[in-house]
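Structure incoming, see below.
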């Protein structure tokens, strides 16, 4: 058993972190928090507007601050943005404050799931497949680095992936309180 105060989902865009995360949070009685939504709530701007106004580096600074604040609490399922693992401090904090589930998805499935999405600034290009391939090549080792458990979401519906994860989590993770 690996105790941790929070359950944290990492993985690329389109892996199902929000959809599966909501289901897992309900199943385990956790408060669901989407880091991207928390950034929007904190700044009052959409993710695309943040990227337009202050660029990816500015967005990552907001992400780091918001993620650190969220992980000070316990009893949450925290759904991170796909790039949260790019920052070494984020990776360390995620590992310290959460049991980390990597929701893995193939680029082919990402392309299918995200084909109509116009809200992700890093995908607003014609060469989406190449962008996703490059991100996967760079980020996959970082997801593996922080992961306590991996769930492949390619072949499962959100309900099936959730059921699969619940069984494994029940055997591997228990919630713990943060030290006072």
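The values are calculated or read from the model by the stated rules, or taken from the named source; none is laboratory data. Because the structure is predicted, anything quoted here is derived from the model rather than measured. In this analysis, Cβ positions are derived from the backbone assuming ideal geometry, glycine residues included, and neighbour counts consider all displayed protein chains.
For residue 54, work out the one condition from (1) within 20 Å of residue 164 (Cα to Cα); (2) surrounded by fewer than 19 Cβ atoms within 10 Å (Cβ to Cβ); (3) more than 13 Å from the chain's Cα centre (by Cα) it doesn't fulfil.
Condition (1) is where residue 54 drops out.
Further question on the same structure: Among the strands (runs of 3 or more DSSP E) confined wholly to region 1-43, which include 3 or more residues that are under 18 Å from residue 72 (Cα atoms) and touching a strand residue (DSSP E or B) at 6+ places or on another chain (Cβ under 6 Å)?
Ranges flagged: 6-10, 31-34.
Rundown of residues vs (1) surrounded by 12 or more Cβ atoms within 10 Å (Cβ to Cβ); (2) modelled with pLDDT of 95 or more; (3) not in a helix (DSSP H, G or I), yes/no style:
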{"site": "78", "(1), (2), (3)": "yes, yes, yes"}
{"site": "85", "(1), (2), (3)": "yes, yes, no"}
{"site": "102", "(1), (2), (3)": "yes, yes, yes"}
{"site": "125", "(1), (2), (3)": "no, no, yes"}
{"site": "131", "(1), (2), (3)": "yes, no, no"}
{"site": "155", "(1), (2), (3)": "no, no, yes"}
{"site": "165", "(1), (2), (3)": "yes, yes, no"}
{"site": "179", "(1), (2), (3)": "no, no, yes"}
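Before we move on, is residue 23 over 17 Å from residue 162 (Cβ atoms) and either surrounded by fewer than 17 Cβ atoms within 10 Å (Cβ to Cβ) or touching a residue at least 40 places away in the same chain (Cβ under 8 Å) (or both)?
no
Kindly evaluate residue 74 against the criterion of being surrounded by fewer than 19 Cβ atoms within 10 Å (Cβ to Cβ), in contact (Cβ under 8 Å) with a residue 24 or more places away in the chain and more than 27 Å from residue 176 (Cβ to Cβ).
Details: surrounded by fewer than 19 Cβ atoms within 10 Å (Cβ to Cβ): yes; in contact (Cβ under 8 Å) with a residue 24 or more places away in the chain: yes; more than 27 Å from residue 176 (Cβ to Cβ): no.
In short, no.
A further question follows. Report yes if some residue within region 31-46 is at pLDDT below 95, buried (at least 16 other Cβ atoms within 10 Å of the Cβ) and under 25 Å from residue 150 (Cα atoms); otherwise report no.
Checking region 31-46: at least one residue is at pLDDT below 95, buried (at least 16 other Cβ atoms within 10 Å of the Cβ) and under 25 Å from residue 150 (Cα atoms).
So how many residues does region 87-100 have that are in a helix (DSSP H, G or I) and either farther than 18 Å from residue 135 by Cβ or touching a residue at least 12 places away in the same chain (Cβ under 8 Å) (or both)?
Adding up the residues that qualify gives 9.
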